[in-house]
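Remarks on the structure that follows.
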């Protein structure tokens, strides 16, 4: 009787689903086009400095923001992957950031923004005559 009860218990345990972790941990998922779905905020500003630990940008009204740089922080220029050293002071950037367990801001994606070309003051049509 003891054997059959133990056997029944073991067979029942084999039917209980066991949770499995599929895929690598701490991987930052990204959406099509490189946008990060983990980002909690996006900041636009002027690039100031980056080192091994921090990225500093200047945002509205001269305020600066400093956020952590990690091994998974991605840098882009002209839509192509780049290095942190490819960025220069006073360039326009946009930064997607997330928060860690201690609610620190962490740079997830840093992209150089090219300024839009200035529209000409008057059309370049040779037949265009200005009103005088």
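The numbers here are math on the coordinates, done by the rules we state, and not lab data. Computed from a predicted structure; not experimentally measured. Note: ideal-geometry Cβ built from the backbone for every residue, glycine included; neighbour counts use all protein chains shown.
For the range 36-112, what does the equivalent ellipsoid look like in terms of its semi-axes, each the square root of 5 times an eigenvalue of the Cα gyration tensor, given largest first in whole Å?
17, 15, 12
Below 8 Å, C-alpha to C-alpha, sequence gap of six or more: please give me the relative contact order for the range 36-112 in percent.
Over the range 36-112, the number comes to 37 percent.
Contour minus end-to-end for residue 92 and residue 61, with contour as 0.36 nm per residue of separation and end-to-end as the Cα-Cα distance?
9.7 nm
Got a sec? How would 111, 60 order by Cβ neighbour count within 10 Å, fewest to most?
In order of increasing Cβ crowding within 10 Å: 60, 111.
Could you calculate the contour length gain from residue 104 to residue 6, that is, 0.36 nm times the residue separation minus the distance between their Cα atoms, to one decimal place in nm?
Result: 30.1 nm gained on full extension.
What is the order of 114, 56, fewest Cβ neighbours within 10 Å to most?
The most exposed by this proxy come first: 114, 56.
For 88, 112, what ranking results if the residue with the fewest other Cβ atoms within 10 Å of its Cβ goes first?
88, 112
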